[in-house]
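Have a look at the structure below before the remarks.
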């Protein structure tokens, strides 16, 4: 195996190792959930640790594959022109990988969740209008791995 392939394998192995989180790690993650743009110095002050400690912990969480990135949260009405929906899907036995792969290729699918109960997957959708939502739902229902679905259009976020 080449040295590049070996290094890549080492990185994958490191990401698969479980990581033990202490109270500081959990506080850091919670602070980043609230505002991922907080400067390291501000995070250090909140946690009562040094700036270097915060940076080292963020690096460790990223290297372990626990902290995948930093993102934004939008107000519910920020995407006012979009139709948002949640679709619950029942899968044929042994077809979960095929269903997830097909859903990931659908640009209007924003998130995919596994779940329990009657439904196997719950999918968040975003579409420009009702016609596009109808087209996407038709495509999703045509996926061989999916046996049943139920869709709910999200109307307003309650605060």
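The values are calculated or read from the model by the stated rules, or taken from the named source; none is laboratory data. Computed from a prediction, not measured in an experiment: that's the story for all the values here. Cβ coordinates were reconstructed from backbone atoms using ideal geometry, including for glycine residues, and neighbour counts include every protein chain displayed.
Checking each residue of region 31-41 against the condition of being more than 25 Å from residue 156 (Cα to Cα), more than 18 Å from the chain's Cα centre (by Cα), at pLDDT 90 or above and assigned to a helix (DSSP H, G or I) gives at least one match. When you scan region 107-145, how many residues do you find that are surrounded by 20 or more Cβ atoms within 10 Å (Cβ to Cβ), closer than 9 Å to residue 87 by Cβ and in contact (Cβ under 8 Å) with a residue 40 or more places away in the chain? Summing the residues that are surrounded by 20 or more Cβ atoms within 10 Å (Cβ to Cβ), closer than 9 Å to residue 87 by Cβ and in contact (Cβ under 8 Å) with a residue 40 or more places away in the chain in region 107-145 gives 2.
Does residue 44 fit the bill of being in contact with a helix residue (DSSP H, G or I) (Cβ under 8 Å, 6 or more places away or on another chain), assigned by TED's automatic domain parsing to the domain that holds residue 29 and buried (at least 17 other Cβ atoms within 10 Å of the Cβ)? Yes. Is it the case, given these coordinates, that residue 92 is under 21 Å from the mean Cα position of the chain (by Cα) and modelled with pLDDT under 95? Here the answer is no, as residue 92 does not meet what is asked.
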